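Read through the structure below, which is laid out as structure tokens, and then see the notes.
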Amino acid sequence: QLAESGGGSVHPGDSLRLSCAASGGAVNTSAFCWFRQFPVKERKFVAAMTSSTRATDYADSVKGRFTIYRKNAKNTVWLQMNNLKSEDTAVYYCVAKLGTYSDYDLDYPYWGQGTQVTVSS
């Protein structure tokens, strides 16, 4: 019910835009978040937003480089990633829930399949 796209392989300094399309039961969710999982490590919070208030939050490591947004009533959330670094290499997951956002992954019942982002020179 969440489908990510937009991942790929890029060079340091490049940009990517990830999208997360909601369908089915996830359409009525109001809080979206992106997590990323590094190889052999736990998932880390990246960015989150609450649609109704447009409130957003970002991990310190991506502040000023990543932007999470949703365009009006479209059931798609975007993660614009600029000035990518090698340490951004991970599988990125879009998640959703009712209510307001949380930076705790287990709060989210809806998950996408993940999309790989690889940043290397």
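Residues that are of a type in the set (S, T, N, Q) and at pLDDT 95 or above: does region 71-80 have at least one? Yes, the conditions are met somewhere in region 71-80.
Is it the case that region 104-115 has a residue that's within 15 Å of the chain's Cα centre (by Cα), in contact (Cβ under 8 Å) with a residue 12 or more places away in the chain and on the phi > 0 side of the Ramachandran plot? Yes: one or more hits.
Of the listed requirements (1) closer than 17 Å to S120 by Cα; (2) surrounded by fewer than 22 Cβ atoms within 10 Å (Cβ to Cβ), G99 misses just one: (1). The sole residue among V27, V46, V95 that is more than 15 Å from the chain's Cα centre (by Cα) and among the aliphatic types (A, V, I, L, M) is V27.
Condition check ((1) within 18 Å of P12 (Cβ to Cβ); (2) among the polar types (S, T, N, Q)) across all residues:
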position: V40; (1), (2): no, no
position: T56; (1), (2): no, yes
position: V62; (1), (2): yes, no
position: I68; (1), (2): no, no
position: C94; (1), (2): no, no
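For region 11-50, the tally of residues that are open to solvent by 20 Å² or more (accessible area, probe 1.4 Å) and outside any helix (DSSP H, G or I) stands at 19. Selection of region 56-85 for residues being hydrophobic (A, V, I, L, M, F, W, C), open to solvent by 40 Å² or more (accessible area, probe 1.4 Å) and without any contact (Cβ under 8 Å) to a residue 60 or more places away in the chain yields only A73. In the set (1) within 20 Å of V10 (Cα to Cα); (2) open to solvent by 30 Å² or more (accessible area, probe 1.4 Å), Y110 fails one condition alone, (1).
Residues of region 76-93 being in contact with a Ser or Thr (Cβ under 7 Å, 6 or more places away or on another chain) and not aliphatic (A, V, I, L, M), which ones? Listed by number, the residues that qualify are T76, W78, Q80, N82, S86, T89, Y92.
The values are calculated or read from the model by the stated rules, or taken from the named source; none is laboratory data. None of these values were measured; they are calculated from a predicted model. Methodologically, a virtual Cβ is constructed for each residue, glycine included, from the backbone with ideal geometry; neighbour enumeration extends over all protein chains shown. Note: accessible area is taken over every heavy atom of the protein model, side chains too, but ligands, DNA and RNA are not part of it. Shrake-Rupley method; radii C 1.70, N 1.55, O 1.52, S 1.80 Å.
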